[in-house]
Amino acid sequence: MIDVHSHILPNFDDGAKDEETALAMLALAFENGTGTIVATPHVMVNEWLPEWETVVAECDRLAQLATAQGTDITICPGAEVAMEYDILEKLEKPGPYCINGSRYILVELPANYIPAYADEFFFILQTRGFYPILAHPERNPELAHRPERLVEWIEKGILVQMNGTSITGKMGSRVMKFAEQLVVRRMVHCLGSDAHGLRTRRPKLTDAFEKISDLRGKAAAEAIAKQNPAKVLRGEEITIPEIAASDGGGVVSRLIRRLWKN
Ligand SMILES: [Fe+2]
């Protein structure tokens, strides 16, 4: 599997607290079937603003250390860019802060609301040639109340990355229910762990993969966890599936959830 969202780099943000933790996280990811992990440190104007070259160099350095300890995992550079108007100055053209230096850029909404300039933000990125991927929309409470906003964005070519912990219930039942709806409605395109450490948000995707398989079938899970992310890394376009009607999966989702709990 390919994990497109992780805070694996030590001393960049609130992710891996040191090198030892980062290497243990990489080993855990590899043991759990992740062959490639994208390092996506936070990029926020007033909090964390690493130079892109530093992110790339640290990925290479960490990969060498991982190989030396026997963890055969590929680490690709990326970033989790906060949806802040001022950050657009740093994003003149695709490449820097994009996943594997491609056109795909991981964008994070504020935790609890949708900024008034969200549509404009995506539009500016797209006119500059970026392919935005929205990070874990299932966690945003305003989007949960207004999923039609997400439908509009997807129809405009914005992709969706879901967190594994959201669909398995580790982020609470509200988030899990919305995540299930998104999977059932074919509104999820990539999977990420959003791993920050070894305790709560860990770099494991296996359980999420199985649950997506239960909800949508193995082929869809493979597309979300393997084939689409591989295209992201190569900068190739992804075919966005047609979104299913909003009430289409309710009963199925509830049934699967019950089976999953047993
Ligand atoms: Fe993140």
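All conditions but one from (1) at pLDDT 95 or above; (2) over 17 Å from Arg199 (Cβ atoms) apply to Ala29; the one that does not is (2). Of the strands (runs of 3 or more DSSP E) lying entirely inside region 1-86, those containing at least 3 residues that are within 30 Å of Pro115 (Cβ to Cβ) and within 16 Å of the ligand (Cβ to nearest atom) span 2-6, 36-39, 80-82.
Condition first: at pLDDT 95 or above, surrounded by 14 or more Cβ atoms within 10 Å (Cβ to Cβ) and under 19 Å from His196 (Cα atoms). Can you find one or more residues in region 110-130 that meet it? No - not one qualifying residue is present in region 110-130.
Restrict the check to region 205-212 and report whether at least one residue is in a helix (DSSP H, G or I), surrounded by fewer than 17 Cβ atoms within 10 Å (Cβ to Cβ) and touching a residue at least 24 places away in the same chain (Cβ under 8 Å).
Yes, region 205-212 contains at least one residue that is in a helix (DSSP H, G or I), surrounded by fewer than 17 Cβ atoms within 10 Å (Cβ to Cβ) and touching a residue at least 24 places away in the same chain (Cβ under 8 Å).
The set of residues in region 97-142 being within 16 Å of the ligand (Cβ to nearest atom) and part of a helix (DSSP H, G or I) consists of Ile99, Pro137, Glu138, Arg139.
Cβ-Cβ contacts under 8 Å between residues 6 or more apart (or on different chains), taken from a first residue in region 1-19 that is closer than 18 Å to Gly35 by Cβ and of a type in the set (Val, Ile, Thr) to a second residue that is within 11 Å of the ligand (Cβ to nearest atom) and in a loop (DSSP other than H, G, I, E, B), are listed as Val4/Thr40; Val4/Gly78; Ile8/Gly15. A search for C-beta distances below 9 Å between a residue of region 150-162 that is at pLDDT 95 or above and any residue that is surrounded by fewer than 14 Cβ atoms within 10 Å (Cβ to Cβ) and of a type in the set (Asp, Glu), counting only pairs 6+ apart in sequence or on different chains, returns Ile158/Glu152. Inspect region 59-72 for any residue being over 17 Å from Asn163 (Cβ atoms) and touching a Phe, Trp or Tyr at 6+ places or on another chain (Cβ under 6 Å) and give the result as yes or no. Yes, some residue in region 59-72 is over 17 Å from Asn163 (Cβ atoms) and touching a Phe, Trp or Tyr at 6+ places or on another chain (Cβ under 6 Å). Of the residues Arg149, Arg139, the single one that is basic (Lys, Arg) and either under 16 Å from the mean Cα position of the chain (by Cα) or crowded, with 19+ Cβ neighbours inside 10 Å (or both) is Arg139. Pro229 - would you say it is in a loop (DSSP other than H, G, I, E, B) and modelled with pLDDT of 95 or more? It is false that Pro229 is in a loop (DSSP other than H, G, I, E, B) and modelled with pLDDT of 95 or more.
Residue count for region 171-203 under the criterion of being within 15 Å of the ligand (Cβ to nearest atom), at negative phi, buried (at least 23 other Cβ atoms within 10 Å of the Cβ) and in a loop (DSSP other than H, G, I, E, B): the result is 2. For region 1-26, a tally of residues being surrounded by fewer than 16 Cβ atoms within 10 Å (Cβ to Cβ) and modelled with pLDDT of 95 or more returns 4.
The values are calculated or read from the model by the stated rules, or taken from the named source; none is laboratory data. No experiment lies behind these values; they were computed from the predicted model shown. Neighbour counts are summed over all protein chains in view; Cβ atoms, including those assigned to glycine, are modelled from backbone coordinates with ideal geometry.
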